[in-house]
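Heads up, the thing below is written out as structure tokens.
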Amino acid sequence: MEEAAAYGIIALLIGWIFDLLLGDPAWLPHPVVGFGKLISFFEHRFNGGSWRKTKGAVISVLLIALVFTATYFLLHILSITSHFLLKGLVETIFIFFCLAGTTLIREVRAVFLALDCSLEDGRRQVARIVGRDTSELSAQEVRVAALETLAENLSDGVIAPLFWYAVLGVPGMLAYKMVNTLDSMIGYKTERYKDFGCWAAHIDDVANYVSARLTAILILLANGKKLVTNSLFVYKNGRNHASPNSGYPEAALAGILNCRFGGPHYYFGQLFDKPYIGTNDRLLTTDDMRKAVRINRIAEVLMIIMIIGLWLLLLSCF
């Protein structure tokens, strides 16, 4: 038990450090790309005719269960046929694939750098990381979109995978990535996806409920200033979002930066009138981006420390 836990902690640290240093190298095949191809395969064949909601629900649940089960049995086979070292190596690789902190930060930095060149460059760059239409965004709206994504995807790309790793190990972590990929591909309230992706969106809401709120807490702790004031801001504004979860990390960052997120946006040519988070519509700057990136990194470290501390506490008790 202690040996397995030790390898788990080592795998977590090495996988996280790999993401910290490397991000997602473009030349390296990524499991999430495979998840996306699977989802696209089933969506094109079953998202039509009658019973769309039922078909979408069945496919979503089956794909999530498939990823969890396949990963569980792969690691189980490795644990009984080889030394913990090989199993730990495979777990390390999976953990590395499931974390997206460095790639997200690089993309957000690139948005601000692109804006220094031209508005069109900024629009093209932010289109890489957001789902909304970016062709008509102002420079301020481009910066807002980038920082909203930084906060939201700290939850989706780092804290939530780590949370599910702590709860269900690597199988839970990979299953979460399938949940998140399903939501990002078909979890929209557009004419095409509103029925077929309904269950995918709801499953994602459940999977992110705890981690989104935990992310907001970690962002506040990472900043370390005005904890009471900023906590009240999150409590007041965290529900001002179409998603039951995304508003909380966004509100935490908006409160710290004393800015305004949210508002109406176009997705797939359709206007969605999102509520505002905050009231201070001040111009955002590159310094705001640097501060937000620093907070993201500290929040990651706090989450890693919390998981390892919890594991060591449980080992000492049992």
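Run the numbers on region 53-173 and let me know its relative contact order in percent, using alpha-carbon pairs under 8 Å that are six or more apart.
On the way: 92 pairs, mean separation 32.2, N = 121.
After rounding, I find 27 percent.
Remark: the Cα gyration tensor places region 1-68 in the oblate category, a/c being 1.5 or greater and a/b not exceeding b/c. Per residue, region 1-160 exposes 50 Å² of accessible surface when a 1.4 Å probe is rolled over the protein heavy atoms with every protein chain present. As a fraction of the 1.4 Å probe accessible area of the chain, surface on carbon and sulfur atoms comes out at 66 percent. Can you tell me how the chain classifies by the Cα gyration tensor, rounded, prolate or oblate, using a/c under 1.5 as the rounded cut? Verdict is oblate for the chain. The modelled label-to-label distance between Ile93 and Lys37, using points 7 Å beyond Cα along the C-beta direction, is 1.6 nm. For His76, the accessible surface of its heavy atoms amounts to roughly 80 Å² (probe 1.4 Å, protein chains only, rounded to the nearest 10).
Going by accessible area, probe 1.4 Å, with all protein chains left in place, what is the ranking of Tyr7, Tyr72, Tyr165, largest first? Write out the running numbers ahead of the final one.
Details: Tyr7 55, Tyr72 110, Tyr165 10 Å².
Output order, biggest surface exposure first: Tyr72, Tyr7, Tyr165.
Relative to the Cα centre, what is the charge dipole magnitude of region 1-126, using +1 at the beta carbon of each Lys and Arg, -1 at the beta carbon of each Asp and Glu, and rounding to the nearest 20 debye?
Taking the Cα centre of region 1-126 as origin, the dipole is about 660 debye.
Under 1.5 on a/c is rounded, so check that first for region 194-277, then, if it is not, pick prolate when a/b is larger than b/c and oblate when it is not; a ≥ b ≥ c are the square roots of the alpha carbon gyration tensor eigenvalues. Oblate shape, in that a/c is at least 1.5 and b/c is the bigger or equal ratio. With the whole protein complex present, Glu148 retains an accessible surface near 10 Å², based on a 1.4 Å probe. Among complete DSSP H helices in the chain, those whose alpha-carbon atoms stretch at least 30 Å along the helix's long axis and whose mean Kyte-Doolittle hydropathy reaches 0.5 are 52-81, 198-223, 286-317. Remark: accessible surface ordering of Tyr248, Tyr188 (largest first) is Tyr188, Tyr248, probe radius 1.4 Å. May I ask for the distance between the Cα centers of region 229-298 and region 39-64, given as a whole number of Å? The distance from the Cα centre of region 229-298 to that of region 39-64 comes to 32 Å.
Do you know the relative contact order of the chain, to the nearest whole percent, from alpha carbon pairs under 8 angstrom that are 6+ apart?
This gives 19 percent for the chain.
For the chain, what does the helix formula give at 222 nm: sum of -39500 (n - 2.57) over DSSP H segments with n ≥ 4, over the residue count, nearest 500 deg cm²/dmol? Mind dumping the intermediate values first?
Details: 12 runs with 230 residues, N = 318.
Calculated mean residue ellipticity at 222 nm is -24500 deg cm²/dmol.
List the relative contact order of region 1-104 as a percent without decimals, with contacts defined as Cα pairs under 8 Å and 6+ residues apart. Can you show the working numbers first?
On the way: 58 pairs, mean separation 62.4, N = 104.
Over region 1-104, the number comes to 60 percent.
Using a 1.4 Å probe, what is the accessible area per residue for region 161-237, in Å²?
Working: 3520 Å² over 77 residues.
Heavy-atom accessible area per residue stands at 46 Å².
Ranked from largest to smallest solvent-accessible area, with a 1.4 Å probe on the protein heavy atoms, Met289, Met306 come out as Met306, Met289.
The values are calculated or read from the model by the stated rules, or taken from the named source; none is laboratory data. Everything quoted here is computed from the prediction, not taken from an experiment. Here the Cβ is made from the backbone with ideal geometry for all residues, glycine too, and neighbour counts use every protein chain on show. Remember, those area values only see protein heavy atoms, side chains included, never the ligands or the DNA or RNA. Shrake-Rupley method; radii C 1.70, N 1.55, O 1.52, S 1.80 Å.
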